Every structure is written in structure tokens, then in C-alpha cells.
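**Q** Dumping the structure here so I can ask a few things about it.
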Amino acid sequence: RNRLAGSMPLEICKLVKAERLSLFDNNLTGTVPTCIGNLVNIKEMYLEENRLRGSVPSEFGYLVDIRTMSLWGNEMTGSIPSE
């Protein structure tokens, strides 16, 4: 827990070499930026227990190496695309 609040910063999308993104149990609001699809090396993504809303970005389909993605505890709709 980092006590982050507000929208997810677009700078996250510059972490193209990152393999793990852990932002769970914060107070992040708004939508997940579509540039999240730039994180092609991500293997684990934890965004649960925030206040994210909107549709699950179709760009999640670009994350072909992902093994674990946790989105529960938000107000997001839709399904995670396969590709």
C-alpha cells in the first residue's frame, strides 16, 4: 500500500521494461489509461482495491506475457481481452 490517490499517472506507461506493477489497496480513481498496453513485459499486475471505473481497456490484450492480473474491488466493467 502506497497511499496513492487520484488518477493513474500516464508516466506509468513509460515503465516498458517493468515485469510487475503493484498498485493495490490505494485510492486510485478514474479509468485505467489505454497506454497500459505499452507495458508488454508485464507478468504481474495488481490493481485491486482502488476506485477505478470504466471499461477494462482492450489494450490489456497486448500484455501477452501476463500471468497474473488482479482487478477486483474496483468499479470496472467488461472482460479482459485475450489478445
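The values are calculated or read from the model by the stated rules, or taken from the named source; none is laboratory data. Computed from a predicted structure; not experimentally measured. With ideal geometry, Cβ positions are generated from the backbone for all residues, glycine too; neighbour counts draw on all protein chains shown. Accessible surface areas use protein heavy atoms only, side chains included; no ligands, DNA or RNA. Shrake-Rupley method; radii C 1.70, N 1.55, O 1.52, S 1.80 Å.
**Q** Carbon and sulfur: what percent of the chain's accessible surface (1.4 Å probe)?
**A** 47 percent
**Q** Give me the 1.4 Å probe accessible area per residue for the chain, excluding ligands and nucleic acids, in Å².
**A** Each residue of the chain exposes 61 Å² on average to a 1.4 Å probe.
**Q** For the chain, give the magnitude of the charge dipole about the Cα centre (Cβ charges: +1 Lys/Arg, -1 Asp/Glu; no others), in debye to the nearest 20.
**A** Approximately 220 debye in magnitude.
**Q** State, in angstrom, two size descriptors of the chain derived from its alpha carbons: Rg to one decimal place and Dmax to the nearest whole number.
**A** Cα only, the chain: 11.5, 32 Å (Rg, Dmax).
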